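Computed from the coordinates by the stated procedures, all read-outs in this text should not be read as laboratory data. Everything numeric in this text was worked out from a predicted model, so none of it was measured. Here the Cβ positions follow ideal geometry from the backbone for every residue, glycine too, while neighbour counts run over all protein chains shown.
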Amino acid sequence: MDVKRVKDYIYWLYYQYQLVTCSYVLEPWEQSMFHTITVTVVAMVVYTAYVFVPIHVRLALEFFSQIFGAQPDSAV
């Protein structure tokens, strides 16, 4: 892939982000605050999903395996 095409695509994605969030109408200091808060929220959501989703999936699998009659590992 050409570097110019990748650069144009990233610029297009950023432009779409600005259009969807209407952040193009903000002043520069407001844009920086908005982007900082947005990145912080996204980072916290990704971290929370990374830490807690596997635990909940494991617990749900254990719960449903007990309900549907699978024997626990210690009984085998």
Q: Relative to the longest principal axis of the C-alpha atoms of the chain, give the angle of the C-alpha long axis of helix 3-21, reported between 0 and 90° and rounded to the nearest 10°.
A: 80 degrees
(Q) In Å, what Kirkwood hydrodynamic radius results for the chain from the alpha-carbon pair distances? (A) 16.8 Å
Q. Under the rule of -39500 (n - 2.57) per DSSP H run of 4 or more residues, summed and divided by the residues of the chain, what mean residue ellipticity at 222 nm is obtained, to the nearest 500 deg cm²/dmol?
A. -28000 deg cm²/dmol
Q. What's the local net charge at GLN18, with K and R +1, D and E -1, over the other residues with C-beta under 14 Å away?
A. -2
(Q) For a Förster distance of 25 Å, can you work out the FRET efficiency between the beta-carbons of VAL6 and VAL51, rounded to the nearest 0.05? (A) 0.20
Q. Where does each of 43-53, 17-27 land if you order them by average Cβ count within 10 Å, highest first?
A. 17-27, 43-53
(Q) What's the magnitude of the charge dipole for the chain around its Cα centre, counting Lys and Arg as +1 and Asp and Glu as -1 at the beta-carbon? Answer in Debye, nearest 20. (A) 180 debye
